1. Is region 141-162 home to any residue that is in contact with a strand residue (DSSP E or B) (Cβ under 9 Å, 6 or more places away or on another chain), more than 16 Å from GLY98 (Cα to Cα) and at pLDDT 90 or above?
2. Run down SER8, SER80 and say which single residue is small (Gly, Ala, Ser), within 19 Å of LEU219 (Cβ to Cβ), at pLDDT 90 or above and in contact with an Asp or Glu (Cβ under 8 Å, 6 or more places away or on another chain).
3. Given the residues SER80, SER73, which is the only one that is over 22 Å from GLN182 (Cα atoms), buried (at least 18 other Cβ atoms within 10 Å of the Cβ) and small (Gly, Ala, Ser)?
4. Of these, SER158, SER138, which one is over 19 Å from PRO91 (Cα atoms) and part of a helix (DSSP H, G or I)?
5. Please verify whether region 127-140 includes one or more residues that are in contact with a strand residue (DSSP E or B) (Cβ under 6 Å, 6 or more places away or on another chain) and in contact (Cβ under 8 Å) with a residue 40 or more places away in the chain.
6. Looking at region 202-220, is at least one residue crowded, with 20+ Cβ neighbours inside 10 Å, aromatic (Phe, Trp, Tyr), touching a strand residue (DSSP E or B) at 6+ places or on another chain (Cβ under 6 Å) and within 21 Å of ASN86 (Cβ to Cβ)?
7. Where in region 187-246 are the strands (runs of 3 or more DSSP E), entirely inside, with at least 3 residues that are under 17 Å from the mean Cα position of the chain (by Cα)?
Amino acid sequence: MIKVENVSMRFNLGKDRVDTLKEFIIRSLKRDLSKADEFWALSDISFEVPKGEVMGLVGTNGAGKSTLLKVISGVMKPTSGKVTLNGSVAPMIELGAGFDMELTARENVFLNGAILGYRKDFLEDKYQEIVDFSELHSFMEVPVRNFSSGMVARLAFSIATLVAPQILIVDEILSVGDPPFQQKSKNKMLEMIKGGATVVFVSHSMNDIQNLCTKVMWLDHGHAKMCGDVEPVLDAYADFCHIDRSKDRKRIDR
């Protein structure tokens, strides 16, 4: 279960940078230290996702979707409000962010796996499974710096989904790789959802949101503009964005 209560997130966008202690003291004495603009990425967001349900987040770029995922997953601490999670969490945000680009793909399996909390002997047992799913058999001894972004995402996704977690925090991962791998990733997501995972899912694909989610929240400039059943929220969002959804009505069987 995921419970988000009155979460707000503020950033200070400084116009002038203070680089030294001396400058800090001088500008403090002159009462000229803070020329920062307050930017509220999230404002009083509340919702619950019961066990086994999938909450989709939609909104234009800059709406606060990724910030909200980072707050839920614990990467960021909210300015105010509270997040409660009951269960093990797998945040699939910025896939490959934990990789060392100078190391090979094989070495990064063990590095990234350790960051995610997997034991070395467990990773050794599951190594071939990771390689097979990523389809990077010929590239495991190649430094990751030579990988395309799609290859990095393939490897990261294969490691992150090694163990089915109780809670999934997902940011646009179904768009990684070529179309066959995208379908493979989608099938893996469906498998985890059918296994009872509780999910918060961000995507710009309304088809993916429609097919995977049980509820949807529409974020706009950090505010929850609408939250509820999938079709009404997507219809309202599509109208706002001037998108025709008439050909996009069929939901797959979850």
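The values are calculated or read from the model by the stated rules, or taken from the named source; none is laboratory data. Everything numeric in this text was worked out from a predicted model, so none of it was measured. Quick reminder, even Gly has a Cβ in these numbers, built from the backbone with ideal geometry, and neighbours come from all protein chains shown.
1. Checking region 141-162: at least one residue is in contact with a strand residue (DSSP E or B) (Cβ under 9 Å, 6 or more places away or on another chain), more than 16 Å from GLY98 (Cα to Cα) and at pLDDT 90 or above.
2. Working: SER80 fails: in contact with an Asp or Glu (Cβ under 8 Å, 6 or more places away or on another chain).
Only one candidate qualifies: SER8.
3. Details: SER80 fails: buried (at least 18 other Cβ atoms within 10 Å of the Cβ).
The match here is SER73.
4. Values: SER158 fails: over 19 Å from PRO91 (Cα atoms).
Of the residues listed, the single one that is over 19 Å from PRO91 (Cα atoms) and part of a helix (DSSP H, G or I) is SER138.
5. No, that holds for no residue.
6. no
7. 198-202, 215-220
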